[in-house]
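Have a look at the structure below before the remarks.
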Amino acid sequence: MNQAETIDGKAIAARITDALVGKCAAYKNAVGAPPCLAVVLVGDDPASAVYVRNKGKTAKKIGFQSIQETLPGDASERDVVDIVDKLNADKTVNGILVQLPLPQQVDEDKIIELVDPEKDVDGFHPINVGRLGAGALEKALIPCTPAGSVLLAKEALGDLTGRHAVIIGRSNIVGKPAAQLFLAENCTVTIAHSRTRDLPALARDADILVAAVGRPEMVKGDWVKPGACVIDVGINRVDAPEKGAGKTKLVGDVDFAAASKIAGFITPVPGGVGPMTIAMLMQNTLTAAMRQNGVTLD
Ligand code: GUN
């Protein structure tokens, strides 16, 4: 029976962050201080707290300076604006990430547009969205999860030219930028979503199938073309009674057991796209710092 090769995102991410250690040291040599990443966390969403902690830990491991600004869940929009203004003005801060989602009293778009585009290591500012859309990747900061997804597909398949990439999900954070990045790799790109007709048939035409919908195990085995590369962006916490009463586990947007019998390559959850997102954030932080200070490293 076919068994897909599991793409080890954790190992590939570790390779990238390991390489950043030396680059960080070289940058520090040139500038006098390491790149500095500031993460803003508003409220006490447990998943966001875990992500933010992991980002800080990885930054420190590489040698970056890491700042965390934490505000309570009832912080006003003005409080968040003031923090972002302060980080924008601080020349020692090279990268700013405001963890999403923000509490409902804070306008997310307003905050995203306030972050200095040159420090926007999430790549969410309209200036960076525009640069990506215009194919000006060398000037843009690229959203981390889509960038990691494309790297994993390239690890599995090599050159992606001419392949059909079907992306299920049209979010600003993942689906739309992933489409732009696969297009930049010369793929033929289709964005599918909740209103797409006969999604299983469309998915079965994909050489690269990206699932980014946030619905546990929605993509079934018979949605996958034999030999395809499946990139599962979903991270969903679900009940796991088989582990004991009240226990939970993480699953992706893809039914892994079924899809791995058909696919050629597949990312696991956890250990696939997740670690790559953090690695790409670290890469963006160095890139932003180098551009701000006119540093080139060979
Ligand atoms: N929340 C979920 N994903 C992300 C992300 O990539 N960046 C930020 N800032 N918040 C998120």
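Remarks
- For region 83-105, a residue qualifies if it is farther than 15 Å from residue 288 by Cα, touching a residue at least 60 places away in the same chain (Cβ under 8 Å) and more than 13 Å from the ligand (Cβ to nearest atom), and exactly one does: 103.
- Contacts under 7 angstrom Cβ, first residue in region 139-153 being in contact (Cβ under 8 Å) with a residue 40 or more places away in the chain, partner among the charged types (D, E, K, R) and more than 9 Å from the ligand (Cβ to nearest atom), 6 or more apart: 141/120
- When 100, 141 are screened for being under 25 Å from residue 267 (Cα atoms), surrounded by fewer than 18 Cβ atoms within 10 Å (Cβ to Cβ) and among the aliphatic types (A, V, I, L, M), only 100 passes.
- Single residue of region 1-46 satisfying the filter (without any contact (Cβ under 8 Å) to a residue 60 or more places away in the chain, out of contact with any Asp or Glu (no Cβ under 8 Å at 6 or more places or on another chain) and within 16 Å of the ligand (Cβ to nearest atom)) that is farthest from residue 115 (Cα to Cα): 46
- Cβ-Cβ contacts under 7 Å between residues 6 or more apart (or on different chains), taken from a first residue in region 115-129 that is in contact (Cβ under 8 Å) with a residue 40 or more places away in the chain to a second residue that is away from the ligand (no atom under 15 Å from the Cβ), are listed as 118/291; 118/292; 119/88; 119/93; 119/94; 123/140.
- Residue within region 151-161 that is over 22 Å from residue 274 (Cα atoms) and surrounded by fewer than 23 Cβ atoms within 10 Å (Cβ to Cβ) present: yes
- If the condition is being aliphatic (A, V, I, L, M) and loosely packed, with under 13 Cβ neighbours inside 10 Å, then region 225-249 contributes 238, 245.
- Which numbered condition residue 279 fails, given (1) touching a Cys at 6+ places or on another chain (Cβ under 9 Å); (2) more than 18 Å from residue 146 (Cα to Cα); (3) among the small types (Gly, Ala, Ser): (2)
- Counting only helices (runs of 4 or more DSSP H) that fall entirely inside region 80-169 and contain at least 3 residues that are within 18 Å of residue 282 (Cβ to Cβ), the qualifying elements are 144-157.
- Any hit, region 73-80, residues being within 16 Å of the ligand (Cβ to nearest atom) and of a type outside the set (A, V, I, L, M): yes
- Subset of region 106-148 (residues that are β-branched (Val, Ile, Thr), more than 17 Å from residue 276 (Cβ to Cβ) and within 12 Å of the ligand (Cβ to nearest atom)): 111, 112, 115
- Selection status of residue 238, touching a residue at least 12 places away in the same chain (Cβ under 8 Å), more than 22 Å from residue 13 (Cβ to Cβ) and assigned to a strand (DSSP E or B): yes
Bear in mind these aren't lab numbers, they're just calculated from the coordinates by the rules spelled out. Everything numeric here is computed off the predicted structure, so don't read it as measured data. Neighbour counts run over all protein chains shown; Cβ positions are idealised from the backbone, glycine included.
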